[in-house]
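Here the structure is laid out as structure tokens; the discussion comes afterwards.
The numbers here are math on the coordinates, done by the rules we state, and not lab data. Computed from a predicted model, the values in this text were never measured in an experiment. In this analysis, Cβ positions are derived from the backbone assuming ideal geometry, glycine residues included, and neighbour counts consider all displayed protein chains.
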Amino acid sequence: MASIQEVATAVENGKVKLIEGLVTEALEAGINPNEILNEGMIAAMGVVGAKFQANEIFVPEMLVAAKTLKKGVEVLKPHLAGDSVGALGTYIIGTVKGDLHDIGKNLVALMIESAGFRVVDLGIDIPAETFIEAVNNEPNVKIVAASALLTTTMDSLRTVVTSLIAAGVKEKGIKIMVGGAPITQAFADEIGADAYTPDAGAAAVKAVELVS
């Protein structure tokens, strides 16, 4: 019978072909599906994120781990409490205007969805107005996340955050998350964001924390 640790190891090592069997075995062993998700798969992506930050692994390994996670979540979905996918509310994400990077954003979106949010991915090169429009049009928005991957687009990120605050999102209880290679906690604090995370694994953990 598979343990949570074996599930975690499979995600960490990107064992796409093994994950479905391991998750099924863990479920058959009577392990709680939410524990398999949180302590097994999401925790494993946290480890993957840390390794990525430390340059021990690179984007291909990160993507394979995320793909493994997604496959495992598909097996879990029917077993999660009341189908918890989307249960935590809506999470809007986009890369800011002038920035065409999407690998990091896509990873975060995948992790966030797996953690139980409904994800609205606005895409890349997104101006502040589009973020605000999405907040007004989408139901049950809990978090807006914006990423900037270039030092030259940090100003765009600042504009997005200040525009969202001016539009009153914080009064509605909506949190603002930021991330991307040049972004730091200090910069996030300076522009008024609620949270900064260095990688996709940390983003999922933080998002759950922000809404609980």
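Side notes on the structure shown:
- In this simple spin-label approximation, residue 74 and residue 212 carry label points 7 Å from Cα along the Cα→Cβ vector, and these lie 2.8 nm apart.
- Peptide packing for 134-146, 63-75 was compared via the average number of neighbouring C-beta atoms within 10 Å per residue; ordered from the highest value, the list is 63-75, 134-146.
- Of 76, 146, 52, farthest towards positive along the dipole that unit charges on Lys, Arg, Asp, Glu beta carbons give the chain: 146
- Annotation: amide H of residue 124 within the under-5 Å range of 95, sequence separation 5 or more or interchain, hydrogens built in the peptide plane.
- Close amide H contacts of residue 176 (hydrogens built in the peptide plane, cut-off under 5 Å, sequence separation of 5 or more or a different chain): 144, 194, 195.
- Nearest-ten-degree value, helix 103-115 long axis tilted from longest Cα axis of the chain: 60 degrees
- For residue 57, neighbours were defined as the other residues whose beta-carbon sits under 12 Å from its Cβ, and their charges (Lys and Arg +1, Asp and Glu -1) total -3.
- From phi via Karplus (6.51, -1.76, 1.60), per-residue ³J(HN,Hα) for region 164-175 in Hz, x at Gly/Pro: 4, 5, 5, 7, x, 5, 5, 4, 7, x, 8, 8
- Residue 170-residue 129 pseudo-label distance in nm [points 7 Å out on the Cα-to-Cβ vector]: 2.5 nm
- Exceeding the 28 Å Cα-Cα cut-off - candidates 51/172; 15/142; 15/105; 51/206; 70/142; 67/142: 51/172; 15/142
- A Stokes-Einstein calculation at 37 °C with viscosity 0.692 mPa s, built on the Kirkwood radius of the chain over Cα pairs, returns a diffusion coefficient of 190 µm²/s.
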